[in-house]
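Only the coordinates and a few stated rules stand behind these numbers; no lab work does. Only a predicted model underlies this, so the values are computations on that prediction, with no experimental measurement involved. Quick reminder, even Gly has a Cβ in these numbers, built from the backbone with ideal geometry, and neighbours come from all protein chains shown.
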Amino acid sequence: MSVNSLSPEEIAEQMTLDHMICFAAYSASQAMNRFYRPILDEMGLTYPQFIVMMVLWEEGQTTMKALSDRLILESNTLTPLVKKLEAAGLVTRARNRQDERLLDIAATEKGMALKRRGCMAPVELAAATGETLEGVIELQQRLANLRNKLNAKAG
């Protein structure tokens, strides 16, 4: 049966928690957090701090604005994360020499020392799914596509 053959009201009448994409995504996110928790605890990071470090390991020095855009995080959420990483000695923050309005963020040597372990975490998560590499890539692409479409609709 196709979704298009039913009216929105008919679909709503049959809706249960287990049919909701948002609940599947939410509960999958919770499961991923539980999977990552021991790894991130070992590294001394929270998941949001981990994704900041992933960007820095991937791109090197970047600006706070670019980091905010890449992680889809508002600056009022990102600033405390980066300040905690700086306090832990994992990143530096400095005004950009060419444009004082920009804040440059870079991983320190101590932050870079976490890269090897940090980059293995997503590999371990992918292996834990039991999916093939192609299946994991397809799932990631479908989720990114879903996120992008919903962000576009939400404005």
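Scanning the stretch 91-119 for residues being touching a residue at least 40 places away in the same chain (Cβ under 8 Å) and either in a loop (DSSP other than H, G, I, E, B) or touching a strand residue (DSSP E or B) at 6+ places or on another chain (Cβ under 7 Å) (or both) gives a total of 7. Of the helices (runs of 4 or more DSSP H) lying entirely inside the stretch 1-81, those carrying at least 2 residues that are touching a helix residue (DSSP H, G or I) at 6+ places or on another chain (Cβ under 6 Å) and within 19 Å of R93 (Cα to Cα) are 47-59, 64-71. Condition check for M15 on (1) surrounded by fewer than 15 Cβ atoms within 10 Å (Cβ to Cβ); (2) in contact with a strand residue (DSSP E or B) (Cβ under 6 Å, 6 or more places away or on another chain); (3) under 26 Å from N151 (Cα atoms): one failure, at (2).
Does E124 fit the bill of being outside any helix (DSSP H, G or I), of a type outside the set (K, R) and either under 18 Å from the mean Cα position of the chain (by Cα) or under 30 Å from I21 (Cβ atoms) (or both)?
Judged against the criteria, E124 is not a match.
Among the residues making up the stretch 21-66, those that are touching a strand residue (DSSP E or B) at 6+ places or on another chain (Cβ under 6 Å) and hydrophobic (A, V, I, L, M, F, W, C) are L56, M64.
Residues checked against (1) farther than 30 Å from N96 by Cα; (2) within 14 Å of the chain's Cα centre (by Cα):
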| position | (1), (2) |
| --- | --- |
| N4 | yes, no |
| S29 | yes, yes |
| T46 | no, yes |
| E58 | no, yes |
